[in-house]
Amino acid sequence: MAGLIDEPILGTNDIIETREEAEIKDVLIDKVREEGGQGDREMAPPTGNSIHRSGSRPQLDLSKAAILGNSEERDPTILLPNQSDDISHLALDIGGSLIKLVYFSRHEDRKINDKRKNTVKERLGISNGNRRSYPILGGRLHFVKFETRKINECLDFISSKQLHRGGIDSHGWLSETPANCSAEIKATGGGAYKFADLFKEKLGVSLDKEDEMDCLVAGANFLLKAIRHEAFTHMEGHKKFVQIDHNDLFPYLLVNVGSGVSMIKVDGDGKFERVSGTNVGGGTYWGLGRLLTKCKSFDELLELSQRGDNRTIDMLVGDIYGGMDYGKIGLSASTIASSFGKAISEKKELEDYRPEDISLSLLRMISYNIGQISYLNALRFGLKRIFFGGFFIRGHAYTMDTISFAVHFWSKGEAQAMFLRHEGFLGALGAFMSYEKHGLDDLMVHHLVERFPMGAPYTGGKIHGPPLGDLNEKISWMEKFVLKGTEITAPVPMAPPGTTGLGGFEVPSSKGGTLRSDASALNVGVLHLVPTLEVFPLLADPKMYEPNTIDLSDHVELEYWFTVLSEHLPDLVDKAVASEGGTDDARRRGDAFARAFSAHLARLMEEPAAYGKLGLANLLELREECLREFHFVDAYRSIKQRENEASLAVLPDLLMELDSMTEETRLLTLIEGVLAANIFDWGSRACVDLYHKGTIIEIYRMSRNKMQRPWRVDDFDVFKERMQSSGDKKPRPHKRALLFVDNSGADIVLGMLPLARELLRRGTEVVLVANSLPALNDATAMELPDIVAEAAKHCDILRRAAEAGGLLVDAMINALDGSKENSSSVPLMVVENGCGSPCIDLRQVSSELAAAAKDADLIILEGMGRALHTNFNARFKCDALKLAMVKNQRLAEKLIEGNIYDCVCRYEPAS
Ligand SMILES: Nc1ncnc2c1ncn2[C@@H]1O[C@H](COP(=O)(O)OP(=O)(O)O)[C@@H](O)[C@H]1O
Ligand SMILES: CC(C)(COP(=O)(O)O)[C@@H](O)C(=O)NCCC(=O)O
Ligand SMILES: [Mn+2]
């Protein structure tokens, strides 16, 4: 804890501290200490990443801090009006049933003086380019809802988070509204009128009213264009994501099922007409349902429906036709002829019916009616696609199945019902988009990364409100639930798939699984806005590109990887805890991380498509994100350091050995070396077991000795042909190679760096592409310059290239010959890739990497994560070499019909 005050944790502003502020600082620091000594982790990370994923750390700015209420209280609330990480802006949709909030919290734009970056930027000709159109330089979009009848909870929430104090200044930049100035918040829905005075009175803000239909359409268009896997179909319990082509989105019918129902024909951005509606909507289900069943909450009512049998109340075709179908007009005996129709013919009172049956019957009646009216309107205008939104849908399987059935049945399969993951937030999002000049409206899919944090509201029980931002609170919740023996359940608590069988008319086939609380907010994660992410320009066909090789919609596959990740968890927690000094606090965080991640896994086992389409890369990334959420910055830090040192010590010998070889043998030895050194992977169970059997160097030697060609996939000869002179013909060297590096230690030092050196020697510029954030033992872009500097001490080629690439600006180099003639050397550069995962999705890479790619004509992808789990099937516009050792038996069998430790050397010339 020493140094807490000395360290520059208190914001980047120059703060002239008043006495009062100093006292508050003491209170705050004590509070932080009490909370388990997290203060020292609030320091700015030692990295200069411009990519802010959720791992970015808030910095505290205590200027103008004030104690709220009585400062004698034990834990007074402290307001940090200048705490910039939380300066947000907010939009509201206040409906008849629910208040929807969309708010934005900004990532800090830290001014980082990273000389390496500046040199690389100069070299690659990167200006601030596309950033200019996005005044907000990155942040998070959060989605929260409250019941309208409990509007005070909503006001308290806004006030506690100070959400009403963010604004947009005249330049379109996020700014803080001065305390004495009245803020305006964009709001839509009837409540924007009804509750305007209340907002003024309680929060001192004016509601700037936006038209509800405008907002619904703007929200839907934004989601359909900007969010991957936003829309999906849901038929007979089966969810399928639909990727909408931006150029082929219009026209469509938007059906918003809120308290009432609006049907809007949408022809373009801002081009629409409300063509119909119905007063039989979500309010009808909830209102009638409450009267008929005495349920206390909407969730309870919906949950009842899952155990219902509507045949006891609904009059079926079979009831009228003596058990027979009315086949001539296509009606089966089980078709509902008249909802609630049985209630007329029996001498029964309300109490004689099961509330479960009433709820299901009502749900079907309303859903079917909405589906049918929607179809009729689609027919009126010749529309083929109908998107359903509004909180009535609630991601609820029966509801969606019933609507889908109605649309499918009446249109004879011509029209398609689709649902939106952010179903209830269309209006609020639209209101958010209506803030002018914030530049969000033309956001692209790759600028938004969705994350699924694990906070208190996700841990079961009846908790309202948003995810808890504070780490300590989050951990406490985890502990509390475990103490109580309550199961922790991850986001998206929805009914299991497999529902109504034949189109929503049969009795629900699956009655298991309870609907957990507050599910609606949880179909969606927090959207991280990273305007600097781009599509990798060398992808041959970005539209067809699918990063994942393994499709986890295959349940057997999912189960396998679930087990692998679960079994790895205890070891990972140990490493993570040790990386943070092994303190009690670290142990607490470690346990909370394990619970949170397990809960996510359990959730995904139950519904693999819960967070959008699921691939192995997403699972591996979720693990890293979860670690970061519990403030584990770099779990493998010391392992990486140790392995780097050990490998650097033997590098000179290896370079000498290589230099004594002929060009041809050398190229083969180098590729063998990369494959052999890829064995150092702390994410593979089998490899970790191996590490107990010898030192790093022993294992490296053993791995190299075992290299035997032909490898399981072996395109080396074709690659060699491209690289090597044959006869008099000297091949044209590649202009620039991008080397996507993988693990620290031997992998980078004894594998990829010597290969880079060979390319440099041949006159090819080399760009080492590494992770922006740590993941397992992968080398990060921040770590590479030091590794290169150490290696350069032993090698002139590397030294000159690194100097030319601006890598050695700060490094202490003992030049071998003391000369400074670097102008003749091709450069060696480092760029970050924009991710913090063992895999890479090339649709979302850093702008730095995208710029570097423009002149590249060779890419080398290394490692299982980057070359096999992802990108194994990716095609590129330039030559591509994929190198990896397969460190998992099942993957080896599945992908290459081989065995663990087999190698892949796949070369694909430019396509
Ligand atoms: N937790 C909930 N509380 C109340 N209603 C809910 C809840 N979750 C879903 N609903 C359903 O959503 C409907 C409201 O949908 P919404 O799109 O928010 O419309 P509105 O803007 O009219 O409030 C309710 O009438 C009800 O059917
Ligand atoms: C996480 C990894 C993709 C990292 O591999 P790398 O990219 O370092 O070669 C890999 O270790 C992995 O798939 N591990 C899980 C499988 C196992 O333990 O067998
Ligand atoms: Mn790795």
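What does the highest-first list of 776-786, 273-283, 722-732 look like by mean Cβ count within 10 Å?
776-786, 273-283, 722-732
How far is it, in nm, from the label point at Glu414 to the one at Arg701 when both lie 7 Å from their Cα along the line to the Cβ?
7.7 nm
Kindly put Arg875, Arg394, Arg843 in sequence by how many other C-beta atoms sit within 10 Å of each C-beta, fewest to most.
Lowest to highest Cβ neighbour count: Arg875, Arg843, Arg394.
Past 31 Å, Cα to Cα, is the threshold; run Lys412/Lys613; Lys209/Lys412; Lys720/Lys793; Lys225/Lys296 against it and keep the listed order.
Correct reply: Lys209/Lys412; Lys225/Lys296.
Roughly how big is the stretch 551-614's charge dipole about its Cα centre, with Cβ charges of +1 (Lys, Arg) and -1 (Asp, Glu), in debye to the nearest 20?
Dipole magnitude for the stretch 551-614 comes out near 280 debye.
What list of ³J(HN,Hα) couplings, whole Hz, do you get for the stretch 227-234 from phi and the Karplus terms 6.51, -1.76, 1.60, once you set θ to phi - 60° and write x for glycine and proline?
Computed from phi, the couplings for the stretch 227-234 are 10, 5, 6, 7, 9, 8, 9, 9 Hz.
Using 0.36 nm per residue, how much length does the chain from Met661 to Ser345 gain when fully extended, once their Cα-Cα distance is taken away?
104.2 nm
From the phi of every residue in the stretch 288-305, what ³J(HN,Hα) in whole Hz does the Karplus formula 6.51 cos²θ - 1.76 cosθ + 1.60 yield, where θ is phi - 60° and glycine or proline is x?
Each residue's phi maps through the Karplus curve to give 5, x, 5, 5, 7, 10, 6, 5, 9, 9, 4, 4, 5, 4, 5, 5, 4, 4 Hz.
Would you pull out the residues with amide H under 5 Å of Ile860's amide H, same chain only if 5 or more places away, H placed 1.01 Å from N?
It is Leu738, Leu739, Phe740, Leu881, by chain and number.
Quick one: grab the alpha carbon gyration tensor of the stretch 551-614, order the square roots of its eigenvalues as a ≥ b ≥ c, and give me rounded if a/c is under 1.5, else prolate or oblate depending on whether a/b is larger than b/c.
In terms of gyration-tensor shape, prolate.
If you take the square roots of the eigenvalues of the alpha-carbon gyration tensor of the stretch 301-397 and sort them as a ≥ b ≥ c, do you get rounded (a/c under 1.5), prolate (a/b over b/c) or oblate?
Judged from the Cα gyration tensor, the stretch 301-397 comes out oblate (a/c at least 1.5, b/c at or above a/b).
Bear in mind that the values in this text are calculations on the coordinates, not laboratory data. Here the structure is a predicted model, which means the values were calculated and not measured. Note: ideal-geometry Cβ built from the backbone for every residue, glycine included; neighbour counts use all protein chains shown.
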